Amino acid sequence: MKRKTMKQKLRILFLCTGNSCRSQMAEGWTRHLKNDDIEAWSAGIETHGLNPFAVQVMAEQGVDISTHRSKLLSDLDGMTFDAVITVCDHAQESCPFFPGQTRRIHHSFEDPPRLAEGKVGEERLDCYRKVRDKIRDFVERLPGILNLEDQRGKSL
């Protein structure tokens, strides 16, 4: 009798500067939408703490990231990833070398706190919602987007 083998999930790391907002949203969306196919992680070059507005706008869509914590890339030492997706330009510039077959892909999203500077209430939250929705659209194209020809190190 032949045993069924379990399908191996892709392991993806979303990397940004502070692991407070964009990479957290990407991890949350990926776990919510693609959990059968992708094991998602997030980290930062620095840690800035989990952004409460990111938590709030994700919750509006039924995605709970309130238990996430801001992590340094070094917190994931020893882990291997099929792909590292940098979600801001600073992370792309600071991204270290990953050994083996790890693909590095860059897709920059606007920084919600920067977009929201000087805004209050719903106007502020709308800045976060705009980025949240763009990240969701990107995640919905995973893992297919990783299969695009010759994307290693290029912006998508």
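The values are calculated or read from the model by the stated rules, or taken from the named source; none is laboratory data. All figures in this text were calculated on a predicted structure; none of them were measured in a lab. FYI the Cβ positions are ideal-geometry reconstructions off the backbone, even for glycines, and counts take in every protein chain you see. Side chains are part of the model used for accessible areas, which takes the heavy atoms of the whole protein and leaves out ligands, DNA and RNA. Shrake-Rupley method; radii C 1.70, N 1.55, O 1.52, S 1.80 Å.
Data for the structure
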{"quantity": "Long-range HN-HN contacts of residue 104 with modeled amide H, under 5 Å", "calculated": "84, 153"}
{"quantity": "Dipole magnitude of the chain about its Cα centre (Cβ charges: Lys, Arg +1; Asp, Glu -1), debye to nearest 20", "calculated": "700"}
{"quantity": "Unit charges on C-beta of K, R, D, E only; dipole of the stretch 82-138, Debye", "calculated": "140"}
{"quantity": "Surface share of carbon and sulfur [accessible, 1.4 angstrom probe, percent] for the chain", "calculated": "48"}
{"quantity": "Positive-end residue, the chain charge dipole about Cα centroid, Cβ charges, pick of 21, 8, 105", "calculated": "8"}
{"quantity": "Residue-normalised accessible area of the chain, expressed per residue, 1.4 Å probe, Å²", "calculated": "56"}
{"quantity": "Amide hydrogen neighbours beyond the local backbone of residue 14, cut-off 5 Å, H modeled", "calculated": "41, 42, 43, 85"}
{"quantity": "The chain - percent relative contact order, Cα under 8 Å, separation 6 or more", "calculated": "26"}
{"quantity": "Other-chain or far-sequence residues with amide H under 5 Å of residue 37's (modelled H)", "calculated": "none"}
